[in-house]
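Novice: The structure follows.
The values are calculated or read from the model by the stated rules, or taken from the named source; none is laboratory data. Note that the structure is predicted; figures quoted are calculated from it, not measured. Please note: Cβ atoms are built from the backbone with ideal geometry, for glycine as well, and neighbour counts cover all protein chains shown.
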Amino acid sequence: MPEQIILTGDRPTGPLHLGHYVGSLANRVNLQEKYKQYILIADIQALTDNVDNPQKVHDNVLQVALDYLAVGIDPKKSTICIQSMIPEIAELTIYYLNLVTVNRLRRNPTIKTEIKQKGFGEHLTAGFLMYPVHQAADITVFRGSLVPVGEDQLPMIEQTNEIVRAFNRIYKTNVLVEAKGLVSKMSRLPGIDGKAKMSKSLGNAIFISDDADTVTKKVMQMYTDPDHIRVEDPGKIEGNTVFEYLDVFDPDKVELEKMKVHYQQGGLGDVKVKRHLSQVLNTFLEPIRQRRAELEKDPGYVMDVLIKGSHCAREAAQMTMQGVRKAMKLDYPK
Ligand code: TRP
């Protein structure tokens with residue numbers, strides 16, 4: 001059995017939120033104990049829909065790195081790297097583009113949804129349409145075999161594996177390895193408005209970097225049971241965002257069960273439950289916030305982690321590229 005390598009990443013377009021924590025960060029903190037793990041801050045991918053805002057992407061590279069370190073991703077165990085510092089990824093992308101049809105990219109469900117959401121219309125760029133190919137290069141250049149992702153990213157892995165199979169078949173090699181998606185067992189966290197997905201662009205996110213007052217304010221706005229009007233009314237738990245969050249974050253499940261019974265019977269008001277949730281979240285976030293504040297005082301250290309990680313990642317990428325160039329008969333003497 002070859003060594004399993006984990007490859008994950010995020011676009012640095014904003015600070016990370018609790019949805020990221022539940023969907024992937026918590027998972028990565030655990031996985032780093034058992035596997036070789038690369039975490040890629042995908043700045044070039046972020047530019048595909050932020051063409052005219054390089055400053056935003058640049059600034060968020062540091063913000064995302066701060067979030068990683070604050071939640072417990074340990075640079076001694078995981079390799080955190082910046083996509084643009086590994087030019088081999090861009091090189092590999094160009095080679096892959098010959099193996100993918102434009103029609104196949106247009107049919108990629110993740111891309112299809114995004115193109116619609118962002119309303120590109122006639123202005124859809126080649127760069128955006130082909131970012132799944134770029135992502136396939138992210139994964140394969142490190143010989144990533146396990147990719148922990150949200151369900152919405154599974155089509156990306158399918159597309160990656162199609163490229164891997166085509167490459168290995170056409171160039172008669174096994175230099176590339178197929179990847180498997182690892183969908184987090186933890187539930188997906190809805191936004192504070194009760195919508196299925198927490199996201200910065202929907203304005204329904206609680207950020208890891210939010211201070212305690214902001215968290216409380218957001219919890220107080222949270223969607224509950226719209227029919228639960230008076231305290232004495234019986235309330236519904238299903239689809240009640242406050243209880244969905246408590247299910248994930250409240251460590252005292254016995255008390256939580258009692259609260260649920262009380263709420264369903266009537267006599268327990270939303271404000272009380274929300275105060276409890278706000279306390280639970282702030283207790284959870286406080287140590288993370290403190291670590292983040294400490295690290296924020298030393299951006300030089302954080303940058304150093306990223307640069308060292310990128311150099312180390314680049315060496316791994318260069319190894320793969322030797323095999324790739326050889327298979328493609330592009331390995332001229334130096
Ligand atoms: N597309 C991912 C997102 O939008 C980020 C990403 C870039 C990624 N490269 C990756 C995820 C490689 C997993 C593996 O969140």
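Novice: Could you tell me which of the residues D152, D213 is acidic (D, E) and over 18 Å from the mean Cα position of the chain (by Cα)?
Specialist: So the residue among D152, D213 that is acidic (D, E) and over 18 Å from the mean Cα position of the chain (by Cα) is D213.
Novice: List every residue pair whose Cβ atoms sit under 7 Å apart, with the two residues 6 or more apart in sequence or on different chains, where the first one lies in the stretch 275-298 and is touching a residue at least 40 places away in the same chain (Cβ under 8 Å) and over 16 Å from Q221 (Cα atoms) and the second, anywhere, is of a type outside the set (A, V, I, L, M) and surrounded by 14 or more Cβ atoms within 10 Å (Cβ to Cβ).
Specialist: Pairs that qualify, where the first residue is touching a residue at least 40 places away in the same chain (Cβ under 8 Å) and over 16 Å from Q221 (Cα atoms) and the partner is of a type outside the set (A, V, I, L, M) and surrounded by 14 or more Cβ atoms within 10 Å (Cβ to Cβ), are R292/S209.
Novice: If K260 satisfies all but one of (1) free of Cβ contacts under 8 Å to residues at least 40 places away in the same chain; (2) surrounded by fewer than 18 Cβ atoms within 10 Å (Cβ to Cβ); (3) charged (D, E, K, R); (4) not in a loop (DSSP other than H, G, I, E, B), what's the number of the condition it fails?
Specialist: (2)
Novice: Restricted to the stretch 139-164, and to residues that are more than 30 Å from L189 (Cβ to Cβ) and away from the ligand (no atom under 11 Å from the Cβ), which residue is surrounded by the fewest Cβ atoms within 10 Å (Cβ to Cβ)?
Specialist: Only one residue fits best here, namely E162.
Novice: So, of the residues in the stretch 113-138 that are of a type in the set (D, E, K, R) and surrounded by 12 or more Cβ atoms within 10 Å (Cβ to Cβ), which turns out to be nearest to the chain's Cα centre (by Cα)?
Specialist: Taking the stretch 113-138 as the starting set, the residues that turn out to be of a type in the set (D, E, K, R) are 114, 116, 118, 122, 138.
Subset that is surrounded by 12 or more Cβ atoms within 10 Å (Cβ to Cβ): 114, 118, 138.
Numbers: E114: 16, K118: 19, D138: 14 Å.
For the stretch 113-138, the residue satisfying everything is D138.
Novice: Next question. Quick one: how many residues across the stretch 194-222 are in a loop (DSSP other than H, G, I, E, B), at pLDDT 95 or above and not polar (S, T, N, Q)?
Specialist: 6
Novice: For the stretch 1-28: of the residues being of a type in the set (A, V, I, L, M, F, W, C) and out of contact with any Ser or Thr (no Cβ under 9 Å at 6 or more places or on another chain), which is farthest from N204 (Cα to Cα)?
Specialist: Checked the stretch 1-28; the qualifying residue farthest from N204 (Cα to Cα) is M1.
Novice: Among E238, E232, which is the only one that is surrounded by fewer than 17 Cβ atoms within 10 Å (Cβ to Cβ), under 22 Å from K195 (Cα atoms) and at pLDDT below 95?
Specialist: E238
Novice: Another one. Take residues that are within 11 Å of the ligand (Cβ to nearest atom) and tell me which of the helices (runs of 4 or more DSSP H) falling wholly in the stretch 1-115 contain 2 or more.
Specialist: Output list reads 43-47.
Novice: Which numbered condition trips up A42, out of (1) in contact with a helix residue (DSSP H, G or I) (Cβ under 7 Å, 6 or more places away or on another chain); (2) at pLDDT below 95; (3) closer than 17 Å to G309 by Cα?
Specialist: Tallying (1) in contact with a helix residue (DSSP H, G or I) (Cβ under 7 Å, 6 or more places away or on another chain); (2) at pLDDT below 95; (3) closer than 17 Å to G309 by Cα, A42 fails exactly one: (2).
Novice: Tally up the residues in the stretch 195-235 that are over 26 Å from A70 (Cα atoms) and in contact with a His (Cβ under 7 Å, 6 or more places away or on another chain), please.
Specialist: 1
Novice: I need the full set of residues from the stretch 157-191 which are of a type in the set (A, V, I, L, M) and at pLDDT below 95, in order please. Let's see the steps before the verdict.
Specialist: Step one: of the stretch 157-191, the residues of a type in the set (A, V, I, L, M) are 157, 163-164, 166, 170, 175-177, 179, 182-183, 186, 189.
Of everything in the stretch 157-191, those that are of a type in the set (A, V, I, L, M) and at pLDDT below 95 turn out to be L182, V183, M186, L189.
Novice: Identify all residues within the stretch 99-136 that are of a type in the set (G, A, S) and in contact (Cβ under 8 Å) with a residue 40 or more places away in the chain; write none if there are none.
Specialist: G127, A136
Novice: Further question on the same structure: I want to confirm something. Restricting to the stretch 165-185 and keeping residues that are of a type in the set (D, E, K, R) and touching a helix residue (DSSP H, G or I) at 6+ places or on another chain (Cβ under 8 Å), which single residue is nearest to the ligand (Cβ to nearest atom)?
Specialist: Taking the candidates together, the pick is K180.
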